[in-house]
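Worksheet: one structure, shown below.
The values are calculated or read from the model by the stated rules, or taken from the named source; none is laboratory data. Computed from a predicted model, the values in this text were never measured in an experiment. Methodologically, a virtual Cβ is constructed for each residue, glycine included, from the backbone with ideal geometry; neighbour enumeration extends over all protein chains shown.
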């Protein structure tokens, strides 16, 4: 097999490596570094598919490797990050009794994100409807949503609405459940892949890109979950528009 055929798989394994490093940091409760390494992994995840296409190196083993690497970087790590957030809030808060059995179990709800990601990736591998677009929130997008939360919390001033929300364990549980739902919801979401460089076929992608830049510029880290939310809303709007045109 030519060496170029191995390039995408090497990039995929680098994605996996980034995920493993992020996992170490997450277990060590260094969620800022976990965020950085997950972002590196997601960046590599984009390029493995790109190089597979341009090098004509797509393969069945590449597809499986990609999902397995994503399971670590975009599945296991976000679950551990949410577990750590819930654990830290529980340990530092005076509101919840330490000997409360149910509160002791609360951090483990974070792993529903990992379970939802696993099912999402397995479904993606066998779902022929997801070749040009997605059905349900892609795991990398969901991972960015989850891992941005502790970074937003750390960069807050310790007061305000955002701080209060992200310091509330019940809000975090709600986010975990919403995350698992969005991952596997039968909601068609547009792909960010550009096939033809023209306005007509890429209007929604260009608008989303401009919106994302503006959200990051004005809201910094808080812009990340806003971007993911915008992605879902724009996709639903685009679906409704397409349905009207088809009638």
task = Take the stretch 140-155 and flag every residue that is over 15 Å from residue 175 (Cα atoms) and at pLDDT 95 or above.
result = 140, 151
ask   = So residue 137 fits all but one of (1) farther than 22 Å from residue 235 by Cβ; (2) part of a loop (DSSP other than H, G, I, E, B); what number is the exception?
value = (1)
ask   = Could you list, in sequence order, the residues of the stretch 166-183 that are crowded, with 17+ Cβ neighbours inside 10 Å and part of a helix (DSSP H, G or I)?
value = 166, 169, 172, 173, 175, 176, 179, 180, 182, 183
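Let's see how each residue does on (1) modelled with pLDDT of 95 or more; (2) within 15 Å of the chain's Cα centre (by Cα); (3) in the same structural domain as residue 53 (by TED's automatic domain parsing):
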position	(1), (2), (3)
8	no, no, yes
14	yes, no, yes
18	yes, yes, yes
21	yes, no, yes
25	yes, no, yes
30	yes, no, yes
35	yes, yes, yes
38	yes, yes, yes
41	yes, yes, yes
query = Restricting attention to the stretch 126-135, does a residue exist that is under 19 Å from residue 41 (Cβ atoms) and either at pLDDT below 95 or in the same structural domain as residue 37 (by TED's automatic domain parsing) (or both)?
reply = yes
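Let's see how each residue does on (1) surrounded by fewer than 16 Cβ atoms within 10 Å (Cβ to Cβ); (2) touching a helix residue (DSSP H, G or I) at 6+ places or on another chain (Cβ under 8 Å); (3) part of a helix (DSSP H, G or I):
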{"site": "4", "(1), (2), (3)": "yes, no, yes"}
{"site": "21", "(1), (2), (3)": "no, yes, yes"}
{"site": "24", "(1), (2), (3)": "yes, no, yes"}
{"site": "32", "(1), (2), (3)": "yes, yes, yes"}
{"site": "50", "(1), (2), (3)": "yes, no, yes"}
{"site": "76", "(1), (2), (3)": "no, yes, yes"}
{"site": "82", "(1), (2), (3)": "no, yes, yes"}
ask   = So which pairs qualify, if the first residue must be in the stretch 123-135 and on the phi < 0 side of the Ramachandran plot, the second must be in a helix (DSSP H, G or I) and at pLDDT below 80, the Cβ gap must be under 6 Å, and the two must be at least 6 apart or on different chains?
value = 124/130
